[in-house]
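Working notes for the structure below.
The values are calculated or read from the model by the stated rules, or taken from the named source; none is laboratory data. Since the structure is predicted, the reported quantities are computational estimates derived from the model, not experimental observations. Cβ placement follows ideal geometry from the backbone for every residue including glycine, while neighbour counts extend to all protein chains displayed.
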Amino acid sequence: MTEDESGDPKPETIAASFGVASDLSHAAVVPPLYLSSTYAFDGYDKPGAYDYGRAGNPTRDMLGQALAALEGGAGAVVTSSGMAAVDLLLARLRPGELVLAPHDCYGGTMRLLKARAGLDQFRIRFIDQGDLREVERALEERPVLMIVETPSNPMMRVSDIAALVLRAHDVETKVAVDNTFLSPVCQRPLEFGADFVIHSTTKYLNGHSDIVGGAVVAADPEQAEELAHWSNVAGSCGAPFDAWLTLRGLRTLYPRMRQQQATAMSIARYLADHPTISKVYYPGLESHHTHAIALRQQKGFGAMLSFELKGSAEKVRRFIQSVKFFTLAESLGGVESLVSHPATMTHADMGAEARAEAGITDNLLRLSVGLEAESDLLAGLERGLSAC
């Protein structure tokens, strides 16, 4: 087994082999899938390690353990979706408590936060987390939780995790970082002091666009136990089959991400030089305003990028009709390349005013770069852009 200097296996090894050859019943190399909803007791008042599927499942727990190991956390809870993962953190809050969130966060996250706040379950304040003075002013209200999304969706703004954590912890504010766009391959927020890491496992961790799931990884074992308790209480747990598929997808996470982000860098450079493009948003480009932060806290730049077309919004329609090898669809992180129009798709519910404040224009397009040949993807983009 390949190990690092501490004697622990490297992340690539954890992803590829976690749970392999651990079956005690039949010595299966691939971990089995446990679909049972209930488990036999050893006797009167003698439950085993598992009693009911909502409270625990061996397959789901194996995925959680793998994710905790990859993120360097004390434990993880696997949920039914990425939004369920966010909601699991919010479920423990009390009326009147304050949550801070980025002003340009994912549309689904913003919708959830506004909906919960609208029911007076807590207070919400959206701030520009790239402006540390604004962050410090917001922290004067002593919020209980700060949600950080870096890079942001879809503007690819990189937030300084260490700087945010330092200021938040000064007032005992917990920090949860959404690491969906980068995965532990490129970023490990707990290393910078974050308290929680959030994932939509639907995306890169699974990597094949065939499940919906989420996870929360906690740095502190007591917090991990409390989250597991709340997941059982609320029934937000993920399905065993989805967990099994995600664990299978995890086996190829590192080689997938390496290839996808290499192609994404080539595409970003190509788009940056194209005459029909006014702006490219990709932290790997030196021209990106948060490039220096990305260099400092990331091990790679990921495979997500956005760009703006010059001219009227009609050009967006022409591009989408003509582009090849990029499917018009929501979501991201699969082996197939996707293109989306945030203003009418992923961020439509934000409303025009919130989109304008976040910088999401009608000419903005977002790409999720897959595993197709780089030359084909570049040719497919050129076909779309030539129609503009």
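Of all positions in the stretch 222-236, none carries a residue that is touching a residue at least 24 places away in the same chain (Cβ under 8 Å), within 23 Å of F301 (Cβ to Cβ), out of contact with any Ser or Thr (no Cβ under 8 Å at 6 or more places or on another chain) and among the polar types (S, T, N, Q). With the condition kept exactly as written, say whether any residue in the stretch 93-105 is on the phi > 0 side of the Ramachandran plot, at pLDDT 95 or above and not assigned by TED's automatic domain parsing to the domain that holds A294. Yes, because at least one residue in the stretch 93-105 is on the phi > 0 side of the Ramachandran plot, at pLDDT 95 or above and not assigned by TED's automatic domain parsing to the domain that holds A294. Taking residues in the stretch 317-340 that are buried (at least 23 other Cβ atoms within 10 Å of the Cβ), and partners anywhere that are of a type in the set (S, T, N, Q) and part of a strand (DSSP E or B), the pairs with Cβ atoms closer than 6 Å and at least 6 places apart or on different chains are L332/S368.
Residues in the stretch 257-309 that are farther than 19 Å from H341 by Cβ and among the polar types (S, T, N, Q): Q259, Q260, Q261, T263, S266, S287, T290, Q297, Q298. Could you tell me which of the residues T13, T79 is touching a Cys at 6+ places or on another chain (Cβ under 8 Å) and either more than 30 Å from I124 (Cα to Cα) or modelled with pLDDT of 95 or more (or both)? That would be T79, the only listed residue that is touching a Cys at 6+ places or on another chain (Cβ under 8 Å) and either more than 30 Å from I124 (Cα to Cα) or modelled with pLDDT of 95 or more (or both).
Which members of the stretch 85-104 meet the condition of being surrounded by fewer than 24 Cβ atoms within 10 Å (Cβ to Cβ) and part of a loop (DSSP other than H, G, I, E, B)? The answer is A91, R92, L93, R94, P95, G96, E97, H103. Considering only the stretch 35-84, how many residues are assigned to a helix (DSSP H, G or I), within 16 Å of the chain's Cα centre (by Cα) and more than 19 Å from L253 (Cβ to Cβ)? Residues in the stretch 35-84 being assigned to a helix (DSSP H, G or I), within 16 Å of the chain's Cα centre (by Cα) and more than 19 Å from L253 (Cβ to Cβ): 2 in total.
Residue by residue, here is whether (1) touching a residue at least 40 places away in the same chain (Cβ under 8 Å); (2) within 13 Å of A215 (Cα to Cα) holds:
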{"residue": "G53", "(1), (2)": "yes, no"}
{"residue": "R60", "(1), (2)": "yes, yes"}
{"residue": "G96", "(1), (2)": "no, no"}
{"residue": "D104", "(1), (2)": "yes, no"}
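For the stretch 345-373, which positions are within 16 Å of F126 (Cβ to Cβ) and in contact (Cβ under 8 Å) with a residue 24 or more places away in the chain? Within the stretch 345-373, H347, D349, M350, A354, E357, A358, G359, I360 meet the criteria.
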